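Encoded as structure tokens, the structure appears first; notes follow it.
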Amino acid sequence: MSFPDRSNPYGFNDFLEWRSKVDFYADDPFIQKAVKYYVGENWQAIDREAREISKKVSFRWSKMAEAIAWPEKRPYMMHYDGHRNRIDRIVRPHETEVMEKEIFSEALFSSRTSPWLKLLKMYLIYQNGEACVACPITCTEGMVAILERYADNPELKRILEHCKEGIDGEFAIGAQYISEIQGGSDIPSNLLEAVKEDDHWRLYGTKFFCSATHADYSMVTAKPQGSEKVALFVVPSWLPGNKEKEIRNGYTIDRIKWKMGTSELTTGELTFNGAVAYEVGPLDKGVANVVGIVLSYSRLTVGLSAAAFMTRAVREATRYVQFREAFGLKIGNFPLVMGQLQDIQKSARRTTAGAFKLYRSVIEQGGLGNASRQGQTLEEKKEAFNIRELIMLQKIAASYDSTDVIRIAMSLFGGHGIMEDFSVLPRLYRDSAVNELWEGPRNVLLMQIHRDLQKASEWYKPEEFVRNILAGGNPEVVDKLAAEMAEIIAYPNLLQADEETIRMSMRWDKICHEFSHTYQDLALAEVEKD
Ligand SMILES: Cc1cc2nc3c(=O)[nH]c(=O)nc-3n(C[C@H](O)[C@H](O)[C@H](O)COP(=O)(O)OP(=O)(O)OC[C@H]3O[C@@H](n4cnc5c(N)ncnc54)[C@H](O)[C@@H]3O)c2cc1C
């Protein structure tokens, strides 16, 4: 019961006060535990460095990320300067440029940054969900990995140095342009043409989804003239000396897209008209390299950023329900709310633990550029296969769960949950929907995993694959998953449009999700029992 009060004193200050002081790493005992468990010997050094960067992420970059999320601050294009020169300038808010410089100066991909430190930094940065910096981080990671393997001429070596170690204190930014208007998933259907002219490759045609359009370099897929095979190229956005003059390297940015999520990031539609390009790796291995290295890094990051988004959303919802009252009770005391919170907390933790466990395997393998090598033993080949499939499985499950978790967290804020200026949750929610789609939508990855397991089954039976990955798990669950996976893999293909194939496909979707959760649950149990 309450009497009227015309000067209603209600306010959110206590909650806001708490939020302004939260340190994403120092105030999160779970992530500290996960670091201690997965990093192993050197965990104290990583822990120390994580505490340092966390202050910048939690108190400086988080404010910048919020400031640039306002619609008035969206990036826009200037196609021409005042003298009718075509410049295609991406105009971004000052805060974005400052934050990008500060984050890239962390030298994430330098040989002096250990893989674990890179991971921790990325995980913390992703809690701000600011795509204009977050997306090119992973694109640059993929570019560094592919160039480490293939940079064999002065131009590519300089690009690698620029991305990895910086040149004169400037760290270059990478992008990846693969999707075309007729298909994003179907890379072999690319039509962009590469023509060899005077010792240089030049690109002609269009790309339809080009994020991080402000990048210094992009990895671009194209078919060499007369070939049906897709090759991979690196394209500088400006040729040496032309960045200051704003003369782009033989391409135009025709428009930038109006998107539901990742709005601080531009996604452009491009026409190439003779852009100078450098081939990367064998010309007939473009698809394998783009999928096996470039997209695999991006997919790993989708899993990690989903964990980061969920962690932030759950943390804020947990505190909010301790602050807010309804019907005379803190809402966090209603059993329905308690149950929902327990569910989303579990999802956030298992996704984080799963991402760390998978990343440990990637580190042990020496990165993704090292997945297939001459002279590999059968055991190494199987481990590389496990990692490849787990990256896709994680991408599917983590991005899907993240959208659900953030939606539930938003619902715990009631109507305030969907207010863009109340919390970052609506922005994370919209970005999470994008995470489900880019870098391989769910169906495409499910089909790929099915095909991969079928192809590998001569040397790696699906049952063995399941048992190896879920070693130490509940035997009943593992047996059931192994039997069902084997049954669906034995089904000839998931392409026939009949009722039986539809039923099998839906079972495949469900079991892949369950399999990913079982892997993540195992990872979580390992952290919690430590
Ligand atoms: C915000 C945003 C930014 C992006 N930025 C970039 C970028 O920087 N660079 C880049 O290269 N791309 C980028 N993309 C493109 C993205 O990678 C593609 O959208 C994605 O690969 C899917 O391609 P598509 O949109 O052509 O969908 P389609 O390939 O047409 O797929 C449509 C539907 O069909 C399903 N489908 C397709 N094939 C199969 C199959 N074999 N079996 C079953 N179902 C199938 C898909 O799962 C999906 O549900 C971006 C996308 C978004 C949303």
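The table for this structure:
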| read-out | value |
| --- | --- |
| Equivalent ellipsoid semi-axes - Cα gyration tensor, the range 372-464, angstrom | 39, 12, 11 |
| The range 78-129 - charge dipole about Cα centre, Lys and Arg +1 at Cβ, Asp and Glu -1, debye rounded to 20 | 160 debye |
| Gain upon complete extension [MET260, ARG86; 0.36 nm per residue less C-alpha separation] | 59.8 nm |
| Label zone at GLN448 (point 7 Å along Cα-to-Cβ), backbone N below 18 Å, the range 484-505 | 494-495 |
| Helical contribution to [θ] at 222 nm, DSSP H n ≥ 4, -39,500 (n - 2.57), averaged over the chain, rounded to 500 | -17000 deg cm²/dmol |
| The chain: antiparallel DSSP beta bridges as a percent of all, rounded to 5 | 85 percent |
| Separation of alpha-carbon centers, the range 253-319 and the range 1-68, rounded to whole Å | 27 Å |
| Whole-angstrom gap from the range 407-475 to the range 127-172, using each part's C-alpha centre | 26 Å |
| Cβ-defined net charge surrounding THR351, 13 Å radius [Lys, Arg +1; Asp, Glu -1] | +2 |
| Global form of the chain, assessed from the alpha-carbon gyration tensor, a/c cut-off 1.5 | oblate |
| Point-charge dipole on Cβ atoms (K/R +1, D/E -1) for the chain, about Cα centre, debye to 20 | 700 debye |
| Integer Hz, Karplus 6.51/-1.76/1.60 couplings in order for the range 160-177, x for Gly and Pro | 4, 4, 4, 6, 8, 10, x, 10, 6, x, 9, 9, 6, 10, x, 9, 9, 10 |
| Modelled FRET efficiency - R0 41 Å, LYS245 with LYS455, Cβ distances, 0.05 increments | 0.25 |
| Label-point gap, in nm, between PHE3 and SER110 - each point 7 angstrom along Cα→Cβ | 6.6 nm |
| Cβ-defined net charge surrounding THR318, 14 Å radius [Lys, Arg +1; Asp, Glu -1] | +4 |
| Dipole axis of the range 354-466 (+1 Lys, Arg; -1 Asp, Glu on Cβ), positive-most option in HIS450, GLN394, GLY375 | GLY375 |
| Largest-first principal axis extents of the Cα set of the range 427-475 (Å) | 43, 27, 11 |
| Segment GLN376-ILE363, length gained on full extension (0.36 nm per residue, minus Cα span) | 3.0 nm |
| Difference of contour (0.36 nm per residue) and Cα-Cα distance, GLN496 to THR271 | 77.3 nm |
| Label point distance in nm, HIS416-LEU191, each placed 7 Å from Cα along Cα→Cβ | 5.2 nm |
| Options TYR38, GLY472, MET219, ranked by Cα towards positive dipole end of the chain, top entry (Cβ charges) | TYR38 |
| Unit charges on C-beta of K, R, D, E only; dipole of the range 374-530, Debye | 280 debye |
| Residues of the range 396-416 with amide N under 17 Å of a point placed 7 Å along Cα→Cβ from LEU329 | 412-414 |
| Carbon and sulfur %, accessible surface of the range 399-530 computed with the full protein complex present, 1.4 Å | 58 percent |
| Percent accessible area from carbon and sulfur atoms, the range 110-247, protein chains only, probe 1.4 Å | 50 percent |
| Per residue, in Å², the accessible surface of the chain once ligands and nucleic acids are set aside, probe 1.4 Å | 45 Å² |
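The values are calculated or read from the model by the stated rules, or taken from the named source; none is laboratory data. Note that the structure is predicted; figures quoted are calculated from it, not measured. All Cβ positions, even for glycine, are placed from backbone atoms using ideal geometry, and neighbour counts span all protein chains on display. Ligands, DNA and RNA are excluded from the accessible area calculation, which covers all protein heavy atoms including side chains. Shrake-Rupley method; radii C 1.70, N 1.55, O 1.52, S 1.80 Å.
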